[in-house]
Amino acid sequence: MTRSTRIAVSLLLLLQSIPLSAEQQNDSTGSTATDIEISEAWVGLAPPTMAMNAGYFSLSNLTDKPIELVSVTSPAYGSIQIHQSQLLNGIASMKMLPTLTIQPHQQVQFESGGLHLMMRKPITAMSLGDSAAVQLNFKNGTSVHVEMPVLKSKSRDNHNDQHNHHQHH
Amino acid sequence: MSILVRALSRGVFVGALLAGQVMLAAEAVAATDDYERLKNPVAVKPFSLVDQNGAPFNLQSLKNHWSMIFVGFTTCPDVCPVTLGNLEAVRAEMGLRVSPERIPRIIFLAVDPARDVPVLKEYLGYFHPQYIGISGEVNQIGSLIDSLNAFYRLDKKHTDDNDYDVLHTAYVSLINPAGEMVAKLNPPFHPHKTAMYLSQLISGVRFDD
């Protein structure tokens, strides 16, 4: 994957105590603590009876240090949690993860049947064509913004659309 | 997984192990795709439930049709919608292989009636108008669950908890036109593979109505 296809996510250093220079922000070569890549992000269209959506993406830690996802927020939802569907002895269940650590140079897939964002209390019902502005907040103070389009399912066709879409961010 | 997360919350460095285990857990869910034909068909015991239109649905309703019964609940955000979507894709693909009357109906057994019954019709209509949703009294749900050798539990943390998860059997039960369970289908219900399996199984069975 070339650097240009990386999700050039807007990075905010929330820790005021650590000044972030323009040079650091534009440094695309470094394995700085801000190298986090989100791709294939989408929100599953839900039946109209459900006041919640599931969110999916691929999250890569391109740095040399573990990163810890501590919260996910969006103005489009009342609350968002990290959940994991699991299948144990043939029984499906779900558990909430308080945080999620991604090891150096590892990629974690959020996908149906596994990790997903549990996005509750949409401010307005989410339809096809809508997208949610979502912010992933990491323990090191980094935040990553991603636009998550609402899709009925993850298909090859809309995969390309998503990827292009994200390059603008 | 829970142990690992707890370890992390204490600030313990777990190293590459964590990422590996997260991926293993995800793969364990995604990679299983098998079908279990029962050695001996199991007759479904009598039960009395209600469909999404308020009509009675009982053992007799299962007769003379092939059916796939999926145990779920309407507030399930991740697995249930995907499963219902996949099962419809299975039906569509079976249309190329077997006659229409042999394509199994999809029956969603909604095990959380307090939250499911008020929305069941609208919920299923979103997926496909031909889906059948059934629910009702807890003891009658339990009776059908027993026949399917299945399991569910409302995971309420306290009596006023209205935001609970529901643990449920992940397999789909295949019911023959005699009202007997003949196979279990395990997730992820890959549409093509599942359609091939079902078409082969159903084509090899003859019923004299």
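The values are calculated or read from the model by the stated rules, or taken from the named source; none is laboratory data. Remember, it's a predicted structure, so these values are computed and weren't measured experimentally. Quick reminder, even Gly has a Cβ in these numbers, built from the backbone with ideal geometry, and neighbours come from all protein chains shown.
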Exercise for the section: Could you tell me which of the residues B:GLU180, B:GLU88 is within 15 Å of the chain's Cα centre (by Cα) and surrounded by 14 or more Cβ atoms within 10 Å (Cβ to Cβ)? Expected result: B:GLU88
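Please return the ranges of strands (runs of 3 or more DSSP E) entirely within the stretch A:52-103 where 2 or more residues are under 30 Å from B:VAL111 (Cα atoms) and at the interface with chain B (Cβ under 10 Å from one of its Cβ atoms).
A:52-61, A:77-88, A:91-97
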Fill in the blank from the handout: Within the stretch B:151-166, restricting to residues that are within 11 Å of another protein chain (Cβ to nearest Cβ) and surrounded by fewer than 20 Cβ atoms within 10 Å (Cβ to Cβ), the one that is modelled with the lowest pLDDT is B:ASP163
Practice task
Could you tell me which residue of the stretch B:32-67 is farthest from B:LEU185 (Cα to Cα), considering only residues that are at pLDDT 50 or above and β-branched (Val, Ile, Thr)?
Solution key: B:VAL50
Practice task
Would you be able to say whether some residue in the stretch A:155-169 is at pLDDT 95 or above and among the charged types (D, E, K, R)?
Solution key: no
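Residues checked against (1) buried (at least 21 other Cβ atoms within 10 Å of the Cβ); (2) in a strand (DSSP E or B); (3) modelled with pLDDT of 95 or more; (4) more than 17 Å from the chain's Cα centre (by Cα):
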residue: B:GLY11; (1), (2), (3), (4): no, no, no, yes
residue: B:LEU18; (1), (2), (3), (4): yes, no, no, yes
residue: B:GLN21; (1), (2), (3), (4): no, no, no, yes
residue: B:ALA30; (1), (2), (3), (4): no, no, no, no
residue: B:THR83; (1), (2), (3), (4): yes, no, no, no
Completion exercise
Among helices (runs of 4 or more DSSP H) entirely within the stretch B:110-177, at least 3 residues that are of a type in the set (Val, Ile, Thr) occur in B:138-147
Exercise for the section: Answer yes if at least one residue in the stretch A:65-73 is more than 30 Å from B:LEU185 (Cβ to Cβ), touching a strand residue (DSSP E or B) at 6+ places or on another chain (Cβ under 6 Å) and of a type in the set (Asp, Glu), and no otherwise. Expected result: yes
Handout entry: Hits in the stretch B:126-136 - residues which are free of Cβ contacts under 8 Å to residues at least 60 places away in the same chain and over 15 Å from the mean Cα position of the chain (by Cα)
Key = B:TYR126, B:HIS128, B:PRO129, B:GLN130
Handout entry: Checking A:THR49 against (1) of a type in the set (Ser, Thr, Tyr); (2) assigned to a loop (DSSP other than H, G, I, E, B); (3) at pLDDT below 90, the condition it does not meet
Key = (3)
